[in-house]
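Okay, structure first, notes after.
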Amino acid sequence: MKNARVTFIGGGNMAESLVGGLIKDAFSGQAITVSDPDPKRRQDLAAKYPINVTDMNRDAVAGSDVVVLAVKPQMIRGVALEIAEAVAKDAPLIISIAAGVRVGSLEHWLGAETAIVRSMPNTPALVGSGATALFANANVSADQRDLAESIMRAVGLALWIDAEDGMDAVTALSGSGPAYLFLVMEAMESAGRDLGLSAEAARLLTLQTALGAARIAIESKEDVAALRARVTSPGGTTERALRILNEGDLKGLFQKALNGAHDRARELSAILDENNDK
Ligand SMILES: NC(=O)c1ccc[n+]([C@@H]2O[C@H](COP(=O)([O-])OP(=O)(O)OC[C@H]3O[C@@H](n4cnc5c(N)ncnc54)[C@H](OP(=O)(O)O)[C@@H]3O)[C@@H](O)[C@H]2O)c1
């Protein structure tokens, strides 16, 4: 598997994170190719990683075991149509990381028999701590599933979902999620400053607290509600703060916010479908 011939179409931020992760995970750089139209980008990537670079998408696809579509969602249709013939010939696994682009559209452009994995990573993938959901169409074999998972695991957590509709929920939760947590951190930092802490102290204490809380939650067998209850002593400071947050219906607000993001993810996918049909 570590010798799999992996081709990236698009050599932007997400592709670079994946390439970096794969090299770190001992995938063979010689078997990795990145195709990108920008010569400077190609030069930078080739200088940083022991990989092949090209600007010929079709040639890059030929002979690949897996092709990662890592261009912006608006570019996917053009790229898919361009490589369709090469894909039909060599039948590589296609992994799309383009937000909102449905498997049905990819099948339409690449052929109904194409093995396709749609994935939704999030921005922490750029620092190797991503959360990626994966969905496979019926053409994907067990070995291809393993390969897709090991590629996306190179930048963090990777987990499968059974129904493609779930991707809109994934987008609302982990896709947009970093921004919600940034907002919570922003609010804590600002409140810390208002209580008289220096800007630097408020910032560092907030960030380290967020990291520490996430680590405890990940490493613990208990769920987050139990962990919260355990750090909330009756009559203490945490209890008073949490009571005030509950009075403001924080959970209800998150429910509404995620519903809104979910609806918007659906709308954006539909707009993408509509434009792609033109
Ligand atoms: N960044 C994230 O956190 C994130 C999270 C979830 C999903 N995604 C998805 O990941 C995909 C890539 O995102 P990104 O942030 O890596 O974008 P990006 O940095 O803009 O990378 C896209 C790259 O593709 C190149 N490109 C454009 N047209 C091409 C073509 N016809 N053939 C080959 N390469 C082409 C672009 O070159 P030019 O710049 O010269 O056009 C650019 O280098 C998107 O579909 C996005 O929805 C990203």
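We did not get these values from a lab; they are worked out from the coordinates using the rules stated. Everything numeric in this text was worked out from a predicted model, so none of it was measured. As a convention, Cβ positions derive from the backbone with ideal geometry for all residues, glycine included, and neighbour counts pool all protein chains shown.
Couple of notes before you dig in:
- Taking N as its residue count, the alpha carbon Rg of the range 120-225 over 2.2 N^0.38 Å: 1.35
- With the charge dipole of the chain set up from +1 on Lys and Arg Cβ and -1 on Asp and Glu Cβ about the Cα centre, the Cα lying farthest toward the positive end among the listed residues Thr33, His262, Asn13 is that of Asn13.
- Loop-located trypsin sites (Lys or Arg not before Pro) in the range 192-268 (DSSP state other than H, G, I, E, B) with a sparse environment of at most 16 neighbouring Cβ atoms within 10 Å: Lys221.
- Gain on full stretching of the segment that runs from Ala210 to Lys72 - 0.36 nm per residue minus C-alpha separation: 46.6 nm
- For the range 232-238, backbone phi angles converted through the Karplus equation (6.51, -1.76, 1.60; θ = phi - 60°) give residue-by-residue couplings of 10, 6, x, x, x, 5, 4 Hz, Gly and Pro being listed as x.
- Lysines whose Cα lies under 22 Å from that of Lys2, excluding same-chain neighbours fewer than 8 positions away: Lys24, Lys48
- Relative to the dominant Cα principal axis of the chain, helix 250-277 is inclined by about 20°.
- Helix 142-152 axis, angle to the chain major axis (alpha carbon atoms, nearest 10°): 60
- log10 of Debye I(q)/I(0), alpha-carbon scatterers only, for the chain at 0.14, 0.17 Å⁻¹: -1.02, -1.32
- Straight-distance candidates among the aspartates and glutamates for linking to Lys251, with alpha-carbon spacing under 19 Å and chain neighbours fewer than 8 residues away dropped: Glu186, Asp223, Glu239, Asp263.
- By other beta-carbon atoms within 10 Å, ranking Asp36, Asp194, Asp273 with the fewest at the front produces Asp194, Asp273, Asp36.
- Per-pair calculated FRET efficiency, R0 = 22 Å: Lys2 and Asp44 via Cβ, rounded to 0.05: 0.35
- Residue order, fewest to most beta carbons within 10 Å, for Met188, Met14, Met1: Met1, Met188, Met14
- Over the chain: helical MRE at 222 nm, DSSP H runs n ≥ 4 each giving -39500 (n - 2.57), nearest 500: -17000 deg cm²/dmol
- J(HN,Hα) series, the range 83-98, from Karplus relation 6.51 cos²θ - 1.76 cosθ + 1.60, nearest Hz, glycine and proline x: 9, 3, 5, 5, 5, 4, 6, 9, 6, x, 6, 9, 10, 9, 10, 6
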